[in-house]
1. Identify, please: which residue in region 299-344 is buried (at least 18 other Cβ atoms within 10 Å of the Cβ) and of a type in the set (V, I, T) and is, among those, nearest to F87 (Cα to Cα)?
2. Being on the phi < 0 side of the Ramachandran plot, modelled with pLDDT of 85 or more and not in a helix (DSSP H, G or I) is true for just one of T84, T146. Which residue is that?
3. Need pairs with beta-carbon distance below 8 Å; first residue closer than 13 Å to G153 by Cβ and within region 29-57, second polar (S, T, N, Q) and buried (at least 19 other Cβ atoms within 10 Å of the Cβ); sequence gap 6+ or separate chains.
4. Would you point out which residue out of G82, G101 is out of contact with any Leu (no Cβ under 6 Å at 6 or more places or on another chain), under 30 Å from A368 (Cα atoms) and small (G, A, S)?
5. When you look at A181, is it among the aliphatic types (A, V, I, L, M), in contact with a Ser or Thr (Cβ under 9 Å, 6 or more places away or on another chain), closer than 30 Å to S417 by Cβ and touching a residue at least 24 places away in the same chain (Cβ under 8 Å), yes or no?
6. Tell me, which residue of region 219-245 that is buried (at least 20 other Cβ atoms within 10 Å of the Cβ) and among the hydrophobic types (A, V, I, L, M, F, W, C) is farthest from D80 (Cα to Cα)?
7. Conditions: (1) buried (at least 18 other Cβ atoms within 10 Å of the Cβ); (2) β-branched (V, I, T); (3) touching a Leu at 6+ places or on another chain (Cβ under 9 Å). I216 meets all but one. Number of the miss?
8. Do you know which residues across region 407-416 are surrounded by fewer than 24 Cβ atoms within 10 Å (Cβ to Cβ), in contact with a helix residue (DSSP H, G or I) (Cβ under 6 Å, 6 or more places away or on another chain) and not β-branched (V, I, T)?
Amino acid sequence: MKRSLDRLPAEPMDRFMRPFAQFLRVEAAAGSVLLLCTVIALALSNSGWRDTYMELWETTVALRWGDAEFSRSFKHWIIDGGMTLFFFVIALELKREMVFGGLRNLRSAAFSMAAAIGGMVVPAVLFTWLRGGGMEGRAWGVVMATDTAFVVGCLALLGSRIPPSLRLFLLSLAIFDDIGAIVVIAIGYGGGIDWLALGCVAVSLFGVLLMRSMGIRHVVAYIVAGVLAWLALDRSGIHPTTAGMLLGLMTPTGRWVSDSRLKAILGKVVAYPPGDDRAGDSGDRQDLRRAGIAAREAFSPLERLELALHPWVAFLVLPAFALASAGLPMSQVAVDWSLATAVAIGLFCGKPLGVLSFAYAANALGWASRPARLTWALIGGGAMLTGIGFSMSLLIAELALRADELGSAKIGILSASTLSAVCGLATLTWLTSKRHRMAEASRADRSKRH
């Protein structure tokens, strides 16, 4: 208790902002790891170990239960399984922001959502216009995505010069973008619909709702229901990563144990006497077990799951995806420069144009409100960063294109992502340094007058 008295009292807002700050820290570090893994993948795919590298990801990994077998290549386990966890964490973050964070304000949320919609629609239209029909025309989803980890990593390089309102705007925009990406994957890149399997998905999700209403809190029960929903989606013709988004949005945000009840329970064990061993059923031991449960349940399921899974997704799932998907053996790629150019233009030009135009229109029409202290110049600089499609663009490219077209799309994705990062960082650096100079000059003028 003494330790808490030597600090300033916590404000209610701390409960909402601390998880947001933690999310930003993990994403910023994850961006560096993701970049390193991309460089490693490109180096290995163009080295003497190229064949071993490529064969590794095609190794079949099978799960067997009696006569039943479920097999996928190592690469597909990462895409179908690992990325399900990624979308689950993204959905958790979106729900937390909408319930507790900056997206509680509907007009502010509408501003980010309008920008995200523009950042999906305009690039897709631009790409389709450049490419026309054919198999490559299905790749319109490639240019719609934004890589959250890389965007946050770029903002971390700029430090405190970037206003918090821009960080929140870009993070919420990227989250809406990722949710849009999973909707695009579910609708545009599935197979034929198996309605029986889709019915099994509905039953699994209804089971989750039923367990919630009955007060069942054991996480294993929900994991089983989630796995069943994932397997059923895989059979249904809808991409199984959709399960991550659905289950994330269904995760409850309420706490079972209130702060007052937690204090009352902990108060019974603060003076727990040390010394001789006691039987497992003694009153003191029961109080300790009760306190452990209360401490855990003082956090909502959403908070606990996000805190537990986010580092694993950021530092294991996404780097593994980069290692599996970013490889590009140039000697074996017959480059379709028109496809690569269309992808690059869609991301580098279409994304910022769509973000800016739709955000401006929503604000001008009164459908949304631009956050205070967030200038259009800063929004424009941040919009350039949304052209960093990388992991999400690679994921959709893997689903939309044939193997002989994939290399060309990767060239476009990597080129646009690099250009977007460089131009966005340069623009924001110039804008913030200019603002610093103007602010310093203004303060100097005021001090002279006084």
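The values are calculated or read from the model by the stated rules, or taken from the named source; none is laboratory data. Just so it is clear, the model here is predicted, and its values are computed rather than measured. Here Cβ is always computed from backbone atoms with ideal geometry, including for glycine, and neighbour counts include all displayed protein chains.
1. Within region 299-344, the match that is nearest to F87 (Cα to Cα) is V313.
2. Only one candidate qualifies: T146.
3. Hits for this filter: L34/S391.
4. Numbers: G82 fails: under 30 Å from A368 (Cα atoms).
Within the list G82, G101, the selection yields G101.
5. Answer is yes for this residue.
6. So, considering only residues that are buried (at least 20 other Cβ atoms within 10 Å of the Cβ) and among the hydrophobic types (A, V, I, L, M, F, W, C), the one farthest from D80 (Cα to Cα) is A225.
7. With respect to (1) buried (at least 18 other Cβ atoms within 10 Å of the Cβ); (2) β-branched (V, I, T); (3) touching a Leu at 6+ places or on another chain (Cβ under 9 Å), I216 is out only on (1).
8. Here is the first cut: in region 407-416, the residues surrounded by fewer than 24 Cβ atoms within 10 Å (Cβ to Cβ) are 407, 411, 414-415.
Among the residues that remain, those that are also in contact with a helix residue (DSSP H, G or I) (Cβ under 6 Å, 6 or more places away or on another chain) are: 411, 415.
Of everything in region 407-416, just one residue is surrounded by fewer than 24 Cβ atoms within 10 Å (Cβ to Cβ), in contact with a helix residue (DSSP H, G or I) (Cβ under 6 Å, 6 or more places away or on another chain) and not β-branched (V, I, T), namely S415.
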